Structure formats: structure tokens, C-alpha cells
Amino acid sequence: MARYTGSVCRICRRENLKLFLKGDRCYSDKCAFDRRSYSPGEHGQRRRGKISDYGVQLREKQKVKRLYGLSEKQFHLLFESADRQKGITGTNLLVLLERRLDNIVYRLGFANSRTQGRHFVRHNHFLVNGKKVNVPSYLIKIGDEISVGESSKKVQAISEAMEAVVRRGVPQWLELEKDQMKGTVKNYPVREDLTMPMQEQLIVELYSK
């Protein structure tokens, strides 16, 4: 599967939005987006021209896809799954993205970013309902308990991430027991819980063409 290996700070600058892809660094004065909030590349500081409706829809899809760190195929498959569900397709898509194990690990504060969360999951650091799960795309359900494995509780990077979670907080649809290094999914998020500026209807329009 194709994987982006360049600077993730360029992604934020390309999407003209801080996506917090580098965890704690994004909150510091070292953040590249705060210092150069224009598109990357030789002509990045030129005035942005008028974008077509298709271009606006494409940029929104790229933004959300990059925010959650998915490939094009993964994102499209998740959209198709959201489209088959009852309810609003755009909201269904965002809820499915939030239910991914790598995202839950990040939301609970066990990782500083979704990328780091994905890395931790693949290295068997987490249990779901007492069983090891190393698939980042695993969809968490209401009532599931996500915990740090006993041997992984000594991993410094996880401990450091948990200290930093105070800055961004834990969503109200999750419950974190910091001392026990575990968390529980109380509910699925509703649209109002997702505060990052996303216009999911534009993605639905793009894929509906």
C-alpha cells in the first residue's frame, strides 16, 4: 500500500488548516504551520486562485483523509460502508473514522497523534476487552474496554503521551481511567462532539458524482 513518507507539516500547510499530525509539537512554537501558514512549494505564497466546486470537494476529502491517516482505498471503502448504513452518510462516515482503534488510542491519550497510535497498535501494545488487537482499522463498539498491555505500561512514549493529554482533553463519549491506563467507549460520538472543521457533505457530493 502506498504510504506518504514526506513532511507531515506540508500536509497542514497544503490544507490550510492545523491537523495536529505531529502531536505535542503542534501545540508548541515550533509548529511549522504557525510559522508558515501558506501552501508549500516554490509558489506557495502566491494568492490562491478561484477553486471550482469539484476542487473544493476534493480538498475537503483530502483534508479528512489525511487527518485520520488513511489511504485512498481505505477511505473509499469506509465511505461505502457509511453509505450502506441508515442515517446521514456524512455523519456515518465521521463516526466510523472515530471508531477506528488507532483513533480511539489517540483520543484516550495513549498516543500523541493518530500516526503514533497506529504504530503502537501494530506493535501489540493494546488490549480490547482483554484480548490483544493489532489492527489499527478495528472498529470499536459501545462498551468496549481499551487498555494498555501489562508489559507496555512501562513504555516511556505511552506514559509521556498520557501526561500530555491534559492539554487537549478526552472526549465526553469516552471514559479514561488514567491510573489503570484503560478507557471505555460510553457512546458513539454525535456530530457536535467533532469540533475539527469538516464539511462531510462535500465528501458525499464528491463520491456521488
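The values are calculated or read from the model by the stated rules, or taken from the named source; none is laboratory data. Predicted, not measured: the structure shown is a model, and the values here were computed from it. Cβ: placed from backbone, ideal geometry, glycine included. Neighbour counts: every protein chain shown.
Going by what's in this entry, would Pro197 be described as closer than 30 Å to Arg84 by Cβ, touching a residue at least 24 places away in the same chain (Cβ under 8 Å) and surrounded by fewer than 16 Cβ atoms within 10 Å (Cβ to Cβ)?
yes
Please state which one of Glu192, Glu177, Glu163 is among the charged types (D, E, K, R), within 16 Å of Asn112 (Cβ to Cβ) and either exposed (fewer than 13 other Cβ atoms within 10 Å of the Cβ) or modelled with pLDDT under 95 (or both).
Being among the charged types (D, E, K, R), within 16 Å of Asn112 (Cβ to Cβ) and either exposed (fewer than 13 other Cβ atoms within 10 Å of the Cβ) or modelled with pLDDT under 95 (or both) holds for just one of Glu192, Glu177, Glu163, which is Glu163.
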Practice item. Tell me, yes or no, whether region 177-192 has at least one residue that is under 24 Å from Arg66 (Cα atoms), among the acidic types (Asp, Glu) and within 16 Å of the chain's Cα centre (by Cα). Key: no
**Study point:** Qualifying strands (runs of 3 or more DSSP E) (wholly inside region 113-209; at least 2 residues being assigned by TED's automatic domain parsing to the domain that holds Leu78 and touching a strand residue (DSSP E or B) at 6+ places or on another chain (Cβ under 6 Å))
**Key:** none
Study note, to complete from the structure: From the option list Arg118, Arg107, single residue qualifying as closer than 18 Å to Leu194 by Cβ, modelled with pLDDT of 80 or more and surrounded by 18 or more Cβ atoms within 10 Å (Cβ to Cβ) is Arg107
Exercise for review: Please specify each residue of region 51-86 satisfying the condition of being under 15 Å from Glu205 (Cα atoms) and among the small types (Gly, Ala, Ser).
Suggested key: Ser52, Gly55, Ala82
